[in-house]
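Q: Questions regarding the structure given below will be posed in turn.
The values are calculated or read from the model by the stated rules, or taken from the named source; none is laboratory data. Keep in mind it's a predicted model, so treat the numbers as computed, not measured. Cβ atoms come from the backbone with ideal geometry, glycine included; neighbour counts cover every protein chain shown.
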Protein chains: 2
Amino acid sequence: MNAPALTKNQALVFEVLERADGPLSAYTILDKLRDHGFRAPLQVYRALEKLLEYGVVHRLESINAFVACAHPEQNCHSHGIVAFAICESCGHVLEFHDHEVDHRLMNWTRGKKFKAEKTTIEIRGLCEACAA
Amino acid sequence: MNAPALTKNQALVFEVLERADGPLSAYTILDKLRDHGFRAPLQVYRALEKLLEYGVVHRLESINAFVACAHPEQNCHSHGIVAFAICESCGHVLEFHDHEVDHRLMNWTRGKKFKAEKTTIEIRGLCEACAA
DNA sequence: ATCGCACACGTTATAGCATAACGCAATTGA
DNA sequence: TCAATTGCGTTATGCTATAACGTGTGCGAT
C-alpha cells in the first residue's frame, strides 16, 4: 500500500510521531494536538489507522504505542516482517528486518497450514546507553 | 522459575485457562470465576502475574489475552523464545520454539548492544480449519 | 513466645486504551 | 443529479490494567 497525500489530521499525527524520539500512546498524541483542534481519541485513532495502512507508522503491541517508521523513504510493507527492540528505560526503538527469521517463521506456519496475516516481533529490554 | 504449589486463586485461574480452548481476557476469566467468589479484576491479574512468572501461562500481547502453556510438563522458560500463531477466526493458538530464530534475533540485539529481557513473537492469521 | 517480615488476599477507586453509533460535509464518478 | 465513499466531529461507552489501602496468615529469628 503506497501512501497517498495525507489529510490534515493524518499529517498532524504523523508529524507528531516523526518529531517524537520514541513511541507515543494515542492519548499522548491527542494531548499534543489539542492546540490544533483535536478534541477526541477517535480523531487520533482514525488517522493512525490510515498511517498504519500506508506503512509509515508502526504499532507496538506490547506497549500500546505508535512510532513513525524508521525508513520513511521506502514502503516498509515491502521489507517483510519488522522486528523492534524497545528500551524499557528510555523508550527508544530500534527497527530491523531479517529475511532468515521471516523464512523460518513462514516455513513453520506453512507446515501448520496457517495463513499468516500480520506478524509481530518485539524485544523489550535495555538499549546500549541505558544498560550501562 | 519453577512453579511452587499454586495458591487457591492461582489454581482457579489456571484451571480456567487450561479448560478453555483458546486465549481468554482477564475480564473473561473474572466472569468465569464469579461463582467462586471472585469480585475484582485484581484477583485475576495478581494470579496471572504469578502464573506468568512460573511460566505456565503466556500473555498474548497483540490481543490482550492469556493462554495456558501448551506443554505444561516442562518449564517453558527453558525453551528460549516462544512464538505463537493466533487464529483470528476461531481463536486457537499454536505455540512453537525455534532456536535459529532465537539466534538471529539475539545476534542482532547483541550487535546493537541491546540487552534483551523479553521477546514477543505473535503471528495473527487463519488456522487450517478456518482458512478453508 | 512474639516480633517482624513477606506474601497472598479483598475492596474501592481510578487510570489508560480503544471503539460504537450518530450525523454532517466534501468529493467523485456513473 | 444522485449515490457512494471518505473524512471528520461529537458523545457515549466499553475494555484493559493498576494504585492505594487495609487484613490475615505463616514462618523464621531473636
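Q: Right, B:Thr120: surrounded by 18 or more Cβ atoms within 10 Å (Cβ to Cβ), farther than 18 Å from B:Thr7 by Cβ, within 16 Å of DNA strand C (Cβ to nearest atom) and not assigned by TED's automatic domain parsing to the domain that holds B:Val13 or not?
A: Details: surrounded by 18 or more Cβ atoms within 10 Å (Cβ to Cβ): yes; farther than 18 Å from B:Thr7 by Cβ: yes; within 16 Å of DNA strand C (Cβ to nearest atom): yes; not assigned by TED's automatic domain parsing to the domain that holds B:Val13: yes.
The answer is yes for B:Thr120.
Q: Something else now. Out of A:His58, A:His77, report the one residue that is of a type outside the set (A, V, I, L, M), within 16 Å of DNA strand C (Cβ to nearest atom) and more than 11 Å from chain B (Cβ to nearest Cβ). Break it down stepwise before answering.
A: Values: A:His77 fails: within 16 Å of DNA strand C (Cβ to nearest atom).
A:His58 is the lone residue from the list that is of a type outside the set (A, V, I, L, M), within 16 Å of DNA strand C (Cβ to nearest atom) and more than 11 Å from chain B (Cβ to nearest Cβ).
Q: Residues to consider are B:Asp35, B:Asp21; find the one that is farther than 30 Å from A:Leu126 by Cβ, surrounded by fewer than 18 Cβ atoms within 10 Å (Cβ to Cβ) and in contact (Cβ under 8 Å) with a residue 60 or more places away in the chain.
A: B:Asp21
Q: Now, a different point. Taking B:Cys127, is it crowded, with 19+ Cβ neighbours inside 10 Å, facing chain A (nearest Cβ under 9 Å), over 24 Å from B:Arg46 (Cα atoms) and touching a His at 6+ places or on another chain (Cβ under 8 Å)? Walk me through how you get there before you give the answer.
A: Working: crowded, with 19+ Cβ neighbours inside 10 Å: yes; facing chain A (nearest Cβ under 9 Å): yes; over 24 Å from B:Arg46 (Cα atoms): yes; touching a His at 6+ places or on another chain (Cβ under 8 Å): yes.
In short, yes.
Q: Then there's this: B:Ile29: more than 14 Å from DNA strand D (Cβ to nearest atom) and either at pLDDT 95 or above or within 14 Å of another protein chain (Cβ to nearest Cβ) (or both), yes or no?
A: For B:Ile29, the condition - more than 14 Å from DNA strand D (Cβ to nearest atom) and either at pLDDT 95 or above or within 14 Å of another protein chain (Cβ to nearest Cβ) (or both) - is not met.
Q: Of everything in segment B:95-114, what is more than 7 Å from every other protein chain (Cβ to nearest Cβ), acidic (Asp, Glu) and assigned to a helix (DSSP H, G or I)? Give them in sequence order.
A: Answer for segment B:95-114, where residues must be more than 7 Å from every other protein chain (Cβ to nearest Cβ), acidic (Asp, Glu) and assigned to a helix (DSSP H, G or I): just B:Asp102.
Q: Out of the residues in segment A:32-79 that are of a type in the set (Lys, Arg) and near DNA strand D (Cβ under 10 Å from one of its atoms), state the one that is nearest to B:Thr119 (Cα to Cα).
A: A:Lys50
Q: I've got another one for you. Taking segment B:51-94 as the region of interest, how many residues are within 22 Å of A:Val101 (Cβ to Cβ), aliphatic (A, V, I, L, M) and in a strand (DSSP E or B)?
A: Residues flagged as within 22 Å of A:Val101 (Cβ to Cβ), aliphatic (A, V, I, L, M) and in a strand (DSSP E or B) within segment B:51-94 amount to 7.
Q: Let me ask something else. From the list B:Glu117, B:Glu122, B:Glu100, exactly one residue is touching a Gly at 6+ places or on another chain (Cβ under 7 Å) and within 23 Å of A:Val101 (Cβ to Cβ). Which is it?
A: B:Glu117
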